[in-house]
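Chemist: The structure that follows is given in the form of structure tokens.
Rule-based calculations on the coordinates, nothing more; no lab input. Please read all numbers here as calculations on a predicted model, not as lab measurements. When we count neighbours, we look across all protein chains shown, and the Cβ atoms used for this are built from the backbone with ideal geometry, even at glycine.
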Amino acid sequence: MDYSRPHSIEVPDSDIGYHFGTLLDSQEGVDVIFSVAGEKFHAHSLVLAARSSFFRSEFLDQESDEDKNESDTTDEIKEIVIDDMDPKVFKAVLHFVYRDNLVDDDELSASSSDCSIFDTLAGKLMAAADKYELPRLRLLCESYLCKHISVNSVATTLALADRHHATELKSVCLKFAAENLSAVIRTEGFDYLKDNCPSLQSEILRTVAGCEEECSSGGKSQSVWGQLSDGGDTNDRRVRPRI
């Protein structure tokens with residue numbers, strides 16, 4: 001006998017980030033304190049070790065038998081001083097470690113006006129992701145920065161991506177710069193590459209050569225080199241990056 005299928009049962013999205021975030025906020029069971037530019041951040045070494053190979057090495061791999069025995073007999077909280085990072089950046093790192101997402105867009109964008117990409121919260125957070133070996137955080141930063149690529153920002157964003165091994169973002173920047181080369185070469189960011197990262201200029205030109213091949217096979221009306229000879233568009237326009 002053929003029976004009709006039962007109604008489906010929907011399973012809500014995982015709320016593990018909420019519970020770990022609550023654990024962070026409550027500071028219950030913390031066993032490590034980070035001192036960042038005088039500001040204190042409480043955390044749990046096991047959570048950090050589970051999320052980051054950097055912290056795993058810091059808290060577990062290098063722990064000697066003597067250290068383990070001492071930890072069994074004392075409840076003293078370990079304090080670690082960090083002197084190469086802004087407190088708001090480290091706070092955003094902990095937010096990701098416990099909640100598995102970025103801080104709010106408003107917080108990210110608030111630091112993005114009238115400053116270098118290297119000095120934005122997103123830029124510094126990607127540097128922290130590289131330092132603490134948090135590949136998913138780095139990818140989240142790449143995705144955020146990719147949405148804000150413009151003619152004026154692409155060169156320095158490329159330098160940032162190259163510095164911190166953000167391969168996806170670097171690929172997008174190279175393609176964008178190649179497709180808008182006539183405008184990009186007139187920006188301060190391109191001058192920055194000339195002075196600090198000449199190898200990236202060479203990579204852009206190699207990408208241009210690849211774009212030229214696509215143009216010739218795809219029958220586009222004007223090549224990238226043709227844009228250069230015509231002067232091109234120097235507006236700070238955002239062109240949708242094509243991956």
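Chemist: Tell me, what ³J(HN,Hα) does each residue in region 84-99 have, in order and in whole Hz, if you take phi through Karplus 6.51 cos²θ - 1.76 cosθ + 1.60 with θ = phi - 60° and put x for Gly and Pro?
Modeler: Running phi through 6.51 cos²θ - 1.76 cosθ + 1.60 with θ = phi - 60° gives 10, 8, 6, x, 5, 6, 5, 4, 5, 4, 4, 4, 5, 4, 8, 10 Hz.
Chemist: Something else about it: In sequence order, what are the phi-derived ³J(HN,Hα) couplings for region 15-25 according to the Karplus relation 6.51 cos²θ - 1.76 cosθ + 1.60 with θ = phi - 60°, rounded to whole Hz, with x for glycine and proline?
Modeler: So the J values, rounded to whole Hz, are 10, 5, x, 5, 5, 5, x, 5, 4, 5, 5.
Chemist: Further question on the same structure: Taking R0 as 22 Å, what FRET efficiency do you get between Asp25 and Thr167 from their Cβ-Cβ distance, rounded to the nearest 0.05? Please list the in-between numbers first.
Modeler: Numbers: r = 34 Å, r/R0 = 1.54.
With R0 = 22 Å, the Cβ-Cβ based efficiency is 0.05.
Chemist: Now for a different question. Excluding residues on the same chain fewer than 8 positions from Lys78, give the lysines whose Cα lies under 25 Å from its Cα.
Modeler: Qualifying lysines at Cα under 25 Å: Lys40, Lys68, Lys88, Lys91, Lys131.
Chemist: Here's another thing I want to ask about it. What ranking do Glu133, Glu79 get, fewest neighbouring Cβ atoms within 10 angstrom at the top? Working shown, then result.
Modeler: Details: Glu133 15, Glu79 10.
Neighbour counts put them in this order, fewest first: Glu79, Glu133.
Chemist: If you take the beta carbon distance between Ser57 and Glu188 as r and set R0 to 45 Å, what does 1/(1 + (r/R0)^6) give as a FRET efficiency, to the nearest 0.05? Walk me through the numbers before you get to the answer.
Modeler: Numbers: r = 39 Å, r/R0 = 0.87.
Calculated transfer efficiency: 0.70.
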